[in-house]
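The values are calculated or read from the model by the stated rules, or taken from the named source; none is laboratory data. The structure presented is a predicted model; accordingly, all values stated were derived computationally and were not measured. Quick reminder, even Gly has a Cβ in these numbers, built from the backbone with ideal geometry, and neighbours come from all protein chains shown. Surface accessibility is based on the protein's heavy atoms, side chains included, excluding ligands, DNA and RNA. Shrake-Rupley method; radii C 1.70, N 1.55, O 1.52, S 1.80 Å.
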Amino acid sequence: NAGVTQTPKFRILKIGQSMTLQCTQDMNHNYMYWYRQDPGMGLKLIYYSVGAGITDKGEVPNGYNVSRSTTEDFPLRLELAAPSQTSVYFCASSYSKGSYNTGELFFGEGSRLTVL
Amino acid sequence: GQQLNQSPQSMFIQEGEDVSMNCTSSSIFNTWLWYKQDPGEGPVLLIALYKAGELTSNGRLTAQFGITRKDSFLNISASIPSDVGIYFCAGPAREVTFFDPRGATNKLIFGTGTLLAVQP
């Protein structure tokens, strides 16, 4: 019972490099989210998706891109890494009851990214 | 944009004490969720509230959906050392646009968090 799986768990990038954080869930949830958490801070929503082919911006989308080609996968792309993107990134998914999003998020273990 | 403010920011208590924390918003929420984050892990859902005035318990935890729909409260009774962590409230931020005047509610935002430390 894997739930939400994120890779990699740790990564160090140089300024200007690009990378993709992978996220996959096996619960057939239609909603998926990417959050970032800076040290000692709360979670900020980067992007979210309500289903395959549909994505939308969250609170802090600048510098990131996402895609949702399948229900299971929701990768987060950093094109030109900057020190301000040093953070812990969490992927999450949630399910609906009918057409109503329960908001009950299941989180991955997080990906710790450092940009030097 | 909508924000969720939590208080207190941190609490340092003795084992066995009761704990109260709250979450407020400048706008109305239709759902309130409370999560706990253990160190080095992702948040885990504790309690979900879907109706104004609703009072829901989960073991030693009790949460309430405020009547005004702009706040929620979480209480922990008889705290134990494993209650240590960060507690977050969360809810769907309403985005009202020309194309969706009812407001999409899939944008789940989190509060600022309350750090709880329990002294054995």
With all protein chains present and a 1.4 Å probe, how do B:Phe73, B:Phe65, A:Phe107 order by accessible area, largest first? B:Phe73, A:Phe107, B:Phe65
Quick one: pull the percent of accessible area on chain B belonging to carbon and sulfur, 1.4 Å probe, ligands and nucleic acids left out. 54 percent
With a Förster distance of 22 angstrom and the Cβ-Cβ distance between B:Ser20 and B:Ser82, calculated FRET efficiency to the nearest 0.05 equals 0.75
For segment B:4-119, give the magnitude of the charge dipole about the Cα centre (Cβ charges: +1 Lys/Arg, -1 Asp/Glu; no others), in debye to the nearest 20. 480 debye
Just the accessible area for A:Arg68, please: 1.4 Å probe, Å², rounded to the nearest 10? 10 Å²
What does the accessible area of A:Thr24 come to, in Å² to the nearest 10, when a probe of 1.4 Å is used? 50 Å²
Extending each Cα 7 Å along its Cβ direction at B:Gln9 and B:Ser27, get the distance between those two points in nm, one decimal. 2.6 nm
Would you check the accessible area of B:Glu54, probe 1.4 Å, heavy atoms only, in square angstrom rounded to 10? 50 Å²
Have a look at B:Leu4, B:Gly85, B:Thr114 and report the one farthest towards the positive end of the charge dipole of the protein assembly as shown, computed about the Cα centre with Cβ charges (Lys/Arg +1, Asp/Glu -1). B:Leu4
If you plug each phi of segment A:85-95 into the Karplus form 6.51 cos²θ - 1.76 cosθ + 1.60 with θ = phi - 60°, what whole-Hz ³J(HN,Hα) values come out, in order, with x for Gly and Pro? 8, 5, 5, 9, 10, 10, 9, 8, 9, 8, 10
Quick one: what does P(r) look like for the protein assembly as shown with 5 Å bins over all Cα pairs, in whole %? 1, 7, 14, 18, 19, 17, 13, 8, 3, 1, 0
Compute the Rg to Rh ratio over chain A from the alpha carbon atoms, using the Kirkwood formula for Rh, and round to two decimal places. 0.96
Charges at C-beta only: +1 for Lys and Arg, -1 for Asp and Glu. How large is the resulting dipole of segment A:4-115 about its Cα centre, in Debye rounded to 20? 280 debye
Which log10 I(q)/I(0) values does segment B:4-119 give at q = 0.11, 0.14, 0.16, 0.20 Å⁻¹ under the Debye formula, counting every alpha carbon as one identical point scatterer? -0.36, -0.56, -0.71, -1.04
So, for chain B, what is the accessible surface per residue at a probe of 1.4 Å, expressed in square angstrom? 49 Å²
Positive dipole terminus of the protein assembly as shown, leading residue within B:Gln14, A:Thr71, A:Thr102 (C-beta point charges): A:Thr71
Quick one: of B:Lys36/B:Lys107; A:Lys57/B:Lys51; A:Lys9/B:Lys51, which pairs are farther than 30 Å apart, Cα to Cα? A:Lys9/B:Lys51
